[in-house]
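Colleague: First the structure, which I've put down as structure tokens, then a few questions once you've had a look.
The values are calculated or read from the model by the stated rules, or taken from the named source; none is laboratory data. In this text the structure is predicted, and so the values were computed from the model without any measurement. No Cβ is skipped: glycine too gets one built from the backbone with ideal geometry, and neighbour counts run over all protein chains shown. Surface areas here come from the heavy atoms of the whole protein model, side chains and all, with no ligands, DNA or RNA. Shrake-Rupley method; radii C 1.70, N 1.55, O 1.52, S 1.80 Å.
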Amino acid sequence: MTTSTRLGNKPNKYAVTNISISDKPNLNGDWLNIFILLLLYTLQGLQLGLTSAIPILLQSNKNVTYQDQAVFSLVMWPYTLKLLWAPLVDAIYLKRIGRRKSWLIPVQYIMGSFFLYIANDINDLLPETGKPNIGKLVYVFFVATFLVATQDIIVDGWALTMLKKNNVGYASMCNTTGLAIGSMIGSVWFTLLTSKDFCNKYVRAKPETEGIVTMEQLLYVWGIIFMFITTLIAIFKSEKDCSLEDDHVELDTFQNYRLLWDICKLPSIQIFAMALLTVKVGFAATDSVSPLKLIDAGVSKDDMMLINTSIILAKIILPLVIARYTSGPKPMSIYLKATLIKLLWNIAFIMLIYYTPKLININGQINIPIYYYVILVIILSIQEILNYTMFVALLAFYSKISDPRFGGTYMTLLNTLSNLGNAWSSLTVLGIVDLLTFKECSFDSKNNCSSPDLQNRCITDGGECVVTVNGYYIEMVLCTIFGILWYGIFKNILKNLQMKCPSQWLVNYAKQPITKNVFTVTVT
């Protein structure tokens, strides 16, 4: 099967040559590039980890609702919408600096500056007492996520040309390992090292009134590190000039957006998009609601972060192990196997959340036994292994099917589809969990505690609002059923997609005079 594009009767000199997706990888000469990609993805994970820690801190505050959590989840939408400006990142650059470095250097300097800004305002954003300013939190972290989403576009595109073509499958390993390290620093360290309870219990011999570092100090250090690493890359890392390659195509901004539309018209992309937009529904309640339910039940935020720290080594090493298999020609087969296991693992979370109050409450006091921590670590560890297996496999598939000439746009489109599937499903389950939960006053069965006034009336009368139907369990059952149906529909479809000829994923650009700007896609 071949792909060809013609202008009149002349063969198009910009036609894409078939690129094998089954060449064996060989990292000789690419080790430094692997390290640089790991470093860049670690910086990305630092900000994402900080953002992921905020819902845990909010829930432990006890002054926020699940609707507040749903509102804060909007801060991740720039990651979902980054496709809107990805063509700009691909098209506009200074040639003497490099296509990717032209954007990477200023964006990462701004990200470093933004950490310094957040450091000055963190006590107002996350006060120790009182209700946090959700609106301001959303605004600040929305901008921060916009910056890191732009950095992701740049690095994803650069990975396709920084590595040799037969090594691009390792880009997913760099992505996942770097994000794991960065997320650990951004979420776990931010939460634990600034927590007086954790530091007094596990670090200090003599109790003090705050953590070993303050949030401001940690954020200042991160901002400085961002700027230092960016300076080193700006000075010492040169960028490959892809314009010297035979199949290079230079596109302006408008042409990049036209290119994006032509990619979306590819039949293979359309089918793949439907799978990516719906797959996360099966795990939405498990991933988004379960950690918050554990905190509601009495597991502290420090314990949650400490458990995440205990399994961080697996997060770092696992992508290195999985890369051996996902760098081959069939990464989606591994993805499907992990998907099915993760759907079945939803049952473990249902049982965990149900029995947690019974296991950790003794005579009305929170007293968590050691065996509960063992159970929790096992369940969360298996969940993380499945998450990372799916993530590495999916990114490996993206790297193999993406056209390196349009890497930033192509990779961003695929990541956007996956992020959009995660964003809408997460927002939905967080937003409706309270609506699916039914309560009743312990002293008045006619009072359903459906409003603040009814809840206050129940408490004033000496009662409490007791949950009769927990919306979490309804969501878990519905999500699991949907996920199993999804697996039955898309199993063979995805297996067939990974076996398609590389030309099925490529868009050929017929270069026209500047006044016409014509794109054509012909698959025969």
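Colleague: For region 357-512, with the dipole built from +1 on Lys and Arg beta-carbon atoms and -1 on Asp and Glu ones, taken about the Cα centre, which of GLY364, LEU380, LEU485 lies farthest toward the positive end?
Modeller: Ranked along the dipole, the leading option is LEU485.
Colleague: With a point put 7 Å past each Cα toward its Cβ, work out how far ILE432 is from VAL374 in nm, to one decimal.
Modeller: Simple spin-label model gives 4.0 nm for this pair.
Colleague: Sticking with this structure for a sec: Per residue, how many Å² of accessible area does region 144-226 show with a 1.4 Å probe?
Modeller: Result: 36 Å² per residue.
Colleague: May I ask you to give the percent of accessible area on the chain that is carbon plus sulfur, with a probe radius of 1.4 Å?
Modeller: Answer for the chain: carbon and sulfur cover 64 percent of the accessible area.
Colleague: Ok, one more. From the residues ALA275, ILE307, PRO331, which one has its Cα farthest along the dipole of the chain in the positive direction, the dipole being from +1 and -1 charges on Cβ of Lys/Arg and Asp/Glu about the Cα centre?
Modeller: My answer, from the dipole projection, is PRO331.
Colleague: Still on this structure, I have one more. Name the helices (complete DSSP H segments) of the chain with a Cα length along the long axis of 30 Å or more and a Kyte-Doolittle mean of at least -0.5, or state none.
Modeller: 31-61, 101-125, 134-162, 215-236, 331-360, 370-401, 407-432, 471-498
Colleague: Using a simple charge model, +1 on the beta-carbon of Lys and Arg, -1 on the beta-carbon of Asp and Glu, nothing else, what dipole does the chain show about its Cα centre, in debye to the nearest 20?
Modeller: About 1800 debye.
Colleague: Report, in deg cm²/dmol and to the nearest 500, the calculated mean residue ellipticity at 222 nm for the chain, where each DSSP H run with n ≥ 4 adds -39500 (n - 2.57) and the sum is divided by the residue count.
Modeller: One gets -21000 deg cm²/dmol as the mean residue ellipticity at 222 nm.
Colleague: Could you work out how much longer the chain between TYR355 and LYS165 gets when fully extended? Use 0.36 nm per residue separation minus the Cα distance between them, nm to one decimal.
Modeller: 63.4 nm
Colleague: Please identify the trypsin sites (Lys or Arg not before Pro) of region 254-303 that satisfy two criteria: DSSP loop assignment and at most 13 other Cβ atoms within 10 Å. Which are they?
Modeller: For trypsin sites (Lys or Arg not before Pro) across region 254-303 that sit outside H, G, I, E and B with at most 13 neighbouring Cβ atoms in 10 Å, the list reads LYS265.
Colleague: While we're here: Express in nm, to one decimal, how much length is gained between SER310 and ASN492 on full extension, taking 0.36 nm for each residue of separation and deducting their alpha carbon distance.
Modeller: 61.8 nm
Colleague: Please compute the modelled spin-label separation between THR231 and ASP121, points set 7 Å along Cα→Cβ, answer in nm with one decimal.
Modeller: Simple spin-label model gives 2.6 nm for this pair.
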